[in-house]
Amino acid sequence: MSGTTNTSASSQSAKMKKDESFLGKLGGTLVRKKKAKEVSDLQEEGKNAINAPMLPPGTDIHPEDTLLEENAERIMLDPTSRENLKFKDLLKVLIDWINSELEEDRIIVKDLEEDCYDGQVLQKLFEKLSGRKLNVAEVTQSEIGQKQKLQTVLEAVNELLRPHGWTIEWSVDSIHSKNLVAIVYLLVALAMHFQAPIRLPEHVSVQVVVVKKREGILQTALVTKELTSTTDALNLFLSTTERDAFDTLLDHAPDKLNVVKSSLITFVNKHLNKLNLEVTELESQFADGVYLVLLMGLLEDYFVPLYNFFLTPESFEQKVHNVAFAFELMQDGGLKKPKARPEDVVNLNLKSTLRVLYNLFTNYKNSD
């Protein structure tokens, strides 16, 4: 029995030593792998320290931002600009405009980066504004399909805008990578070209971080991008981008312009006289929006509550409110949204005022 016991104990002891030897080797291997990983991480940290110079605080660098090809670059919005109140106001104006234009398509945009990158919203917006149908797939889930749609949409946009002097500040890659600055540049250009009935905030600029790779090293720079300028500059551009009958009238037949103005004055006075009001100057007397609001009430035969508008507006903003409210009444009456902007009417822009009044004349000329 004792011999058997000794043999069993000896065997067990040998097995334990073998296990210890195996665990020792395994432990050594794990330690070496851990140290190797630490060295690798340290090297990567050092590489990033070299490749990523000082950036603005809060700048969110994604892996794809550092994995650039040689001589390639990536542009990111500086976090402080994202919080700029004027920039936020511009985003809201653009979102509200898109939602207004695409209301019939039941499209609701909440975030420009998330809702515009795949080309679907941009396609619908361009088709609505231009009246042109694009040959693209309706729904595209794959990245390749989305980029193909974007390519078609942007080619149509660029073909339309480039002849009018626009600098193309967007691309398929920048839009698809959710570059907010590129998306805003594109939407501002479309809004201005098609004379959207909105007021773009003036002097909106943002700072962007430009990351470039040169000789394997990332280089960064902070660049200022101007998204909108002054109202005067916007109006000057608008006056040269879209021509219509009133442009022709003003440029080539000023004698006939007086006939048109006389006809419109007769039309508006036929209705305003019911309130003992009379118009002699179209561009100036409609500039504060009061007569426009009252005229719509008379044409549609209802009383407009005085709390809905400013009867004696004093500021530019109050006048714009009145004209914009009159535009809403026109749409409620079944008319299309005026192409003119409320700000243009307030700024005594004759063509804009004529367009609005002529639209009323053609729809209500037979009204008593």
(request) Answer yes if at least one residue in region 280-297 is in the same structural domain as LEU160 (by the TED database), modelled with pLDDT of 80 or more, assigned to a loop (DSSP other than H, G, I, E, B) and surrounded by 11 or more Cβ atoms within 10 Å (Cβ to Cβ), and no otherwise. (result) no
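Yes or no, residue by residue, for (1) closer than 20 Å to SER100 by Cα; (2) buried (at least 17 other Cβ atoms within 10 Å of the Cβ); (3) of a type outside the set (A, V, I, L, M):
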{"position": "ALA326", "(1), (2), (3)": "yes, yes, no"}
{"position": "LEU329", "(1), (2), (3)": "yes, yes, no"}
{"position": "LYS337", "(1), (2), (3)": "yes, no, yes"}
{"position": "VAL346", "(1), (2), (3)": "no, yes, no"}
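Do the conditions hold for VAL188, that is, is it touching an Asp or Glu at 6+ places or on another chain (Cβ under 9 Å), outside the structural domain of VAL345 (by the TED database) and at pLDDT 70 or above?
Working: touching an Asp or Glu at 6+ places or on another chain (Cβ under 9 Å): no; outside the structural domain of VAL345 (by the TED database): yes; at pLDDT 70 or above: yes.
So VAL188 does not fit the description; no.
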(request) Give the residue that is modelled with the highest pLDDT, with candidates limited to residues of region 251-279 that are over 39 Å from the mean Cα position of the chain (by Cα), within 16 Å of LEU354 (Cβ to Cβ) and of a type in the set (D, E, K, R). (result) LYS256
(message) Just to verify a result, which residue in region 184-204, among those that are more than 25 Å from VAL356 (Cβ to Cβ) and in contact (Cβ under 8 Å) with a residue 60 or more places away in the chain, is surrounded by the most Cβ atoms within 10 Å (Cβ to Cβ)?
(response) LEU186
(request) Within region 259-279, track down each residue that is of a type outside the set (Val, Ile, Thr), in a loop (DSSP other than H, G, I, E, B) and surrounded by 15 or more Cβ atoms within 10 Å (Cβ to Cβ). (result) LEU277
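The values are calculated or read from the model by the stated rules, or taken from the named source; none is laboratory data. What you are looking at is a predicted structure, and each value in this text was computed from that prediction instead of being measured. Don't worry about glycine lacking a Cβ; one is built from the backbone with ideal geometry, like all the others, and counts go over all protein chains shown.
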